[in-house]
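Participant: Supplied in structure tokens, the structure appears directly below.
The values are calculated or read from the model by the stated rules, or taken from the named source; none is laboratory data. These numbers come from a predicted model, not from an experiment. Glycine gets a Cβ as well: all are built from the backbone with ideal geometry, and neighbour counts include every protein chain shown.
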Amino acid sequence: MKNAEVDVANLSESLTQHADDTLELADNVLTGLVHRLGIDGTRPEAIARLRALVADQRARVRDGRDTYDANRDFHLELVAASGNPHLLRFAETLWVARIARRIYAAQAIDARRLLYWADDHDRIIDAVAAGDGNLAALLTREHIAASRPPSTDVVDASGQLGRELKADDGAAPGGRANLDAASG
């Protein structure tokens with residue numbers, strides 16, 4: 001029985017590490033992508049689709065509905081705006097429902113956090129639309145960092161290693177960047 005507990009703890013740690021590695025990879029790819037979009041620009045219809053997806057995300061939060069699809073669709077549309085089918089395919093693999101939904105559930109712990117994400121998405125869209133690649137990249141990097149699941153390792157009364165999510169993780173997505181220093 002003790003070996004099974006150790007195996008479960010090891011599996012849990014492995015899955016957590018995989019999630020962290022995936023977010024770091026997404027950070028590197030997406031930050032470069034939005035930097036390019038900000039410099040090269042994107043079509044007005046792509047900006048309009050992104051804005052509509054953020055509006056849908058907010059409406060779902062307001063109505064108490066699941067926001068996973070709206071959040072996924074925003075990120076995939078942002079990648080699609082690059083016109084690079086290889087990057088889009090990569091992004092789609094990051095959002096495979098069996099894995100991504102679990103990671104998202106660990107991140108999306110309250111309505112306030114979901115609305116912070118929508119605010120971040122709006123600022124990223126604004127930077128891309130304004131042609132400010134540096135700001136778009138900075139905002140994206142901060143958004144991804146603030147979106148990591150807030151957690152601490154805990155051991156419960158039975159000695160099991162688990163994850164404890166905090167309702168207020170101290171992360172306040174949006175507005176953290178020094179916007180004046182980032183522009184340019």
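Participant: Go through ALA4, ALA9 for me and flag whichever is more than 18 Å from the chain's Cα centre (by Cα), surrounded by 13 or more Cβ atoms within 10 Å (Cβ to Cβ) and at pLDDT below 85.
Facilitator: Working: ALA4 fails: surrounded by 13 or more Cβ atoms within 10 Å (Cβ to Cβ).
After applying the criteria, what remains is ALA9.
Participant: I'd like the full set of residues that are under 18 Å from the mean Cα position of the chain (by Cα) and among the acidic types (Asp, Glu), limited to segment 54-86.
Facilitator: The answer is ASP56, ASP66, ASP69, ASP73, GLU77.
Participant: Among what's in segment 94-126 and is modelled with pLDDT under 85 and β-branched (Val, Ile, Thr), pick the residue that is nearest to ASP56 (Cα to Cα).
Facilitator: Taking the candidates together, the pick is ILE109.
Participant: Related question: So the check is Cβ under 9 Å with 6+ separation or different chains; which pairs have a first residue in segment 66-86 that's within 22 Å of ALA137 (Cβ to Cβ) and a second one that's in a loop (DSSP other than H, G, I, E, B)?
Facilitator: Once the first residue is within 22 Å of ALA137 (Cβ to Cβ) and sits in segment 66-86, its partners that are in a loop (DSSP other than H, G, I, E, B) give ASN71/ALA108; ARG72/TRP95; HIS75/TRP95; LEU76/TRP95; ALA81/THR42; ALA81/ARG43; SER82/THR42; GLY83/THR42.
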